[in-house]
Amino acid sequence: MIAYLIRRLLWALPTLLGVNLLVFALFFIVSSPDDMARAQLGAKRVTQEAIERWKADHGYNKPLFYNHDAEGSARFTDTIFVQKSARMFLLDFGKSDLGRDINHELSARMWPSLALALPVFLIGLFVAVVAAMVLAFFRATWLDYSGVIACVLLMSISSLFYIIAGQFIVARAWSLVPISGYQSGMDAMRFLALPVLVGVVAGLGSNVRWYRSIFLEEIGKDYVRTARAKGLSEGAVLFRHVLKNAMIPILTGTVVVIPSLFLGSLISEDFFGIPGLGSFTIEAIMMQDFAIVRAMVFIGALLYILGLILTDLSYTLVDPRVRLQ
């Protein structure tokens, strides 16, 4: 297993390099260093001298990928791509184009993001699995049909509607919680209650339908018929056998979303005024702060790779027949 983990981690390096290269190329296709300078300086008639000075101060006065004026390996290393990318593999993201310390911002903003995303993930997973098992237990009954219709309705409504409706009904009309904002410590619960409720409800429809289909697929297999033939009750079959064998597809869908727990919810954080990584990313996109956008994409790719490795490891825990080689 150790050899497998080392191999997977080594494969992560070219993957991260490719993601970073793609983001870099896409960004500079639509925006040149001069455009970035004009956006950051914010002046309508900014002079060319000011643009060149901004580019020199922020390291954008070099060629993108190949430096004709340099000698030897410096032709490749003395470029914007290498100068801006090499330190990220050491998790040193440096300064943003606006001068902010990105590592400091990440360490400060990850906690509000986790405070929102973790309850949404755990409560949503528990409610969805329980609801899906109930629908599978009462399959082909009015309760099952009603549940499926409710899931389709929940899926058909935009998450923006849940946010706006929640803010209007729960926060404004009933005055149960603040509409937006955030405070650290125990006071955070007042501000996070509504975003967590909205996040759970918004994802409930698709999750329940997906888990229900997994349980129904397992219920139709031979080992379930064998368990019933032994005289086990339907509840015992569902909880002892079906749930256990359905864990691999459930883990596949749940562990992979772990990166989103760290990166935060873009829309929810922005609407509810939570100073997390989601709102941090949106601010960077609006300000054309390439350094922050690149760092967030890099972290997202890294966490996604780690999530996939964690998914493979979790398979060995729920199914001893699985061997990682």
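Every residue, every condition in (1) in contact with a His (Cβ under 9 Å, 6 or more places away or on another chain); (2) open to solvent by 20 Å² or more (accessible area, probe 1.4 Å); (3) among the acidic types (Asp, Glu), yes or no:
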| position | (1), (2), (3) |
| --- | --- |
| Lys244 | no, yes, no |
| Glu269 | no, no, yes |
| Ser279 | no, no, no |
| Asp289 | no, no, yes |
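For region 37-89, enumerate the residues that are open to solvent by less than 50 Å² (accessible area, probe 1.4 Å), polar (S, T, N, Q) and part of a helix (DSSP H, G or I).
Gln40, Ser85
Quick one: count up the residues across region 1-18 that are part of a helix (DSSP H, G or I), open to solvent by 40 Å² or more (accessible area, probe 1.4 Å) and over 16 Å from Leu64 (Cα atoms).
Residues in region 1-18 being part of a helix (DSSP H, G or I), open to solvent by 40 Å² or more (accessible area, probe 1.4 Å) and over 16 Å from Leu64 (Cα atoms): 12 in total.
Can you confirm whether Leu243 is within 17 Å of Thr141 (Cβ to Cβ) and in a helix (DSSP H, G or I)? Please lay out each step first, then the result.
Numbers: within 17 Å of Thr141 (Cβ to Cβ): no; in a helix (DSSP H, G or I): yes.
No, not satisfied.
Considering only residues that are open to solvent by 40 Å² or more (accessible area, probe 1.4 Å) and at pLDDT 85 or above, look in region 205-220 and name the one that is farthest from Ser175 (Cα to Cα).
If we filter region 205-220 for residues that are open to solvent by 40 Å² or more (accessible area, probe 1.4 Å), which is where we start, we get 206-207, 209-210, 212-213, 216-217, 220.
Narrowing the set further to residues that are at pLDDT 85 or above leaves 206-207, 209-210, 212-213, 216-217.
Numbers: Ser206: 30, Asn207: 30, Arg209: 33, Trp210: 35, Arg212: 36, Ser213: 39, Leu216: 42, Glu217: 44 Å.
So, considering only residues that are open to solvent by 40 Å² or more (accessible area, probe 1.4 Å) and at pLDDT 85 or above, the one farthest from Ser175 (Cα to Cα) is Glu217.
Only one residue in Leu303, Leu232, Leu261 is touching a helix residue (DSSP H, G or I) at 6+ places or on another chain (Cβ under 9 Å) and modelled with pLDDT of 85 or more, so which one is that? Talk me through it step by step, then tell me what you get.
Working: Leu232 fails: modelled with pLDDT of 85 or more; Leu261 fails: modelled with pLDDT of 85 or more.
Going through Leu303, Leu232, Leu261 in turn, the sole match is Leu303.
Give just the number: which of (1) open to solvent by 50 Å² or more (accessible area, probe 1.4 Å); (2) within 22 Å of Phe121 (Cβ to Cβ); (3) of a type in the set (Ser, Thr, Tyr) does Ser233 not satisfy?
(2)
Is it the case that region 172-190 has a residue that's within 23 Å of Thr252 (Cα to Cα), surrounded by 16 or more Cβ atoms within 10 Å (Cβ to Cβ) and without any contact (Cβ under 8 Å) to a residue 40 or more places away in the chain? Spell out the reasoning first.
From region 172-190, those within 23 Å of Thr252 (Cα to Cα) are none; that's our starting set.
No, because not a single residue in region 172-190 is within 23 Å of Thr252 (Cα to Cα), surrounded by 16 or more Cβ atoms within 10 Å (Cβ to Cβ) and without any contact (Cβ under 8 Å) to a residue 40 or more places away in the chain.
From the set of residues in region 96-117 that are acidic (Asp, Glu) and open to solvent by 20 Å² or more (accessible area, probe 1.4 Å), which is farthest from Val200 (Cα to Cα)?
Of region 96-117, the ones acidic (Asp, Glu) are 97, 101, 105.
Of the ones still in play, those that are also open to solvent by 20 Å² or more (accessible area, probe 1.4 Å) are 101, 105.
On the way: Asp101: 33, Glu105: 27 Å.
Looking at residues that are acidic (Asp, Glu) and open to solvent by 20 Å² or more (accessible area, probe 1.4 Å), I get Asp101.
Filter region 19-36 down to the residues that are open to solvent by less than 40 Å² (accessible area, probe 1.4 Å) and among the β-branched types (Val, Ile, Thr) and list them by number.
If the condition is that a residue be open to solvent by less than 40 Å² (accessible area, probe 1.4 Å) and among the β-branched types (Val, Ile, Thr), then Val23 is the only one that fits.
Going through Ile250, Ile299, Ile274 one at a time, which residue ends up being open to solvent by less than 40 Å² (accessible area, probe 1.4 Å) and not in a helix (DSSP H, G or I)? Even if it seems obvious, please write down each step before you answer.
Working: Ile250 fails: not in a helix (DSSP H, G or I); Ile299 fails: not in a helix (DSSP H, G or I).
Unique residue meeting the criteria: Ile274.
The values are calculated or read from the model by the stated rules, or taken from the named source; none is laboratory data. Every value quoted in this text rests on a predicted model; they were computed, and no experiment measured them. Heads up, the Cβs are rebuilt from the backbone with ideal geometry, glycines too, and the neighbour counts pull from every protein chain shown. These accessible areas exclude ligands, DNA and RNA; they are computed on the full protein's heavy atoms, side chains included. Shrake-Rupley method; radii C 1.70, N 1.55, O 1.52, S 1.80 Å.
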